[in-house]
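Below: the structure, in C-alpha cells.
The values are calculated or read from the model by the stated rules, or taken from the named source; none is laboratory data. For clarity, every value in this text was computed on a predicted model and none was experimentally measured. Note: ideal-geometry Cβ built from the backbone for every residue, glycine included; neighbour counts use all protein chains shown.
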Amino acid sequence: GAVTALLLAPKTGEEMRKDIADKSTQAIGKVQELMPDIEIDLKQAVNSTVNQGKEKAEKIISDAKSKADDILASADGILSDAKTKVSGTKEIVGEKISDVKNIVSGKVDAVKDATKAGVDAFRQEINQVR
C-alpha cells in the first residue's frame, strides 16, 4: 500500500527518490528491529521440532526393544517346550529299546537253548549209532 501511494502521488523525481529512500530505510529498520524476535522464534521452533523428533525416536526404540524382548521370551518358551517334548520322547524311546532288548535277549536265550538241545540230541544219536 505504501509503495503504491508513493508511485501514484504527484511529486517531482527528486521528491519521489527521497520518499522511496526514506521508506526503504524505514522498511530496513523495521526488518532489523524484528530480526531478533524472528531469530528467537525460529530457534525455539527448531529446538521444539528437534525435541519432538528425539522423543518420537526414543519411543520407537523403546517399542522395538519391548517387542524384541517379547519375541525372545516367546522363543525361550517354545525352546523350553521343545526340550521338554524331546526329553519325554527320549525317555519313551529308551524304554522301548530296553523292552526290545529284553524280548530279543529272551528269544536269543531260547534259540541258544534250543540249539544246544538239538546239538546234544544229535550227539546222542551219533553215539548210539556207533
Of the numbered conditions (1) modelled with pLDDT of 85 or more; (2) of a type outside the set (A, V, I, L, M); (3) surrounded by 10 or more Cβ atoms within 10 Å (Cβ to Cβ), Asp37 fails exactly one; give the number of that condition. (3)
From Gln32, Gln52, which residue is more than 21 Å from the chain's Cα centre (by Cα) and modelled with pLDDT of 95 or more? Gln52
Only one of Gln128, Gln124 is in a helix (DSSP H, G or I) and exposed (fewer than 10 other Cβ atoms within 10 Å of the Cβ). Can you tell me which? Gln128
